[in-house]
Amino acid sequence: MKTEPALARSILIADDEPLARERLRRLVDALPGYRVCGEAADGDAALKQVAQLEPDILLLDIRMPGMDGMEAAARLGQLANPPALIFCTAYDHYAIQAFGVQAMAYLLKPVRKEALAEALNRIGRVNRVQLQALTDQADQDDEQLAVRTYRGTELIDLSNILYCEADQKYVTLHHTRGETVCDYTLKELESTYPHHLLRTHRHTLVGVRFIQALTRSPEGQNMIVLRDGRGELPVSRRHTSNVRQWLQEHQPG
């Protein structure tokens, strides 16, 4: 029998399918540091259980009878101290809507133990008060990009993207948590998120949050210097003037 740590984080499972709830319960039971505090079969029951049990984390299905998961999540977002939210669903096309309800992760069924563990680790030790503080500070800079990967749909904060690099058919997003390959084109990313990404090369977009300066290498190549010692990236002659203009408009002095 699993021995619960004294400070185990409580998890509420909300899904209309009993077998799905049972599977999630087994997955949670296999992970140290977490415990299932209750279950709900629809959105209304989930809200009542959250009010009664005050869970740290909510594993929430989307398609449920009555109040669905999205509506329940929106209502939870109005609470002073909402639980951290992880969607567990069979449908990947709701990922964009998940942005607006501050979901910490979006997992596709059947949920794998490794994917759930990774999502829970992403929440980490941030307590509910800290989560609410992050929510209160949320603005347009907290937009997220939904990327389909072998692990499901991954949500990446646009403000955490260092640069996007095109290589043949695919684009690799280099961000503060690593690298993610996506099937978006640079043109799509550039036109959709102009406030986050700046074109510096035919094959490169740079996250504006990380642009520090424009410099020149000993070989005469213009280079973007990234903040926090994250390196340099080449700037093509075609895009140098645009980069210089951006720096003049957005950098002090």
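Every number in this text was worked out from the coordinates using simple rules, so none of it is lab data. Here the structure is a predicted model, which is why all the values come from computation and not from measurement. Cβ: placed from backbone, ideal geometry, glycine included. Neighbour counts: every protein chain shown.
For the reader, a short list of remarks on this structure follows.
- The alpha-carbon of Lys109 sits under 16 angstrom from the alpha-carbons of these aspartates and glutamates, leaving out residues fewer than 8 places away in its chain: Asp15, Asp16, Glu17, Glu22, Asp61, Asp92, Glu118, Glu154.
- Approximating the spin labels as points 7 Å out from Cα along Cα→Cβ, the Glu232-to-Arg35 distance works out to 5.6 nm.
- Annotation: average projected area of the stretch 174-253 is 6.0 square nanometres, based on the convex hull of Cα atoms across all directions.
- Backbone N within the stretch 8-45 under 16 Å of label point (7 Å from Asn121 Cα along the Cβ vector): 28, 30-34
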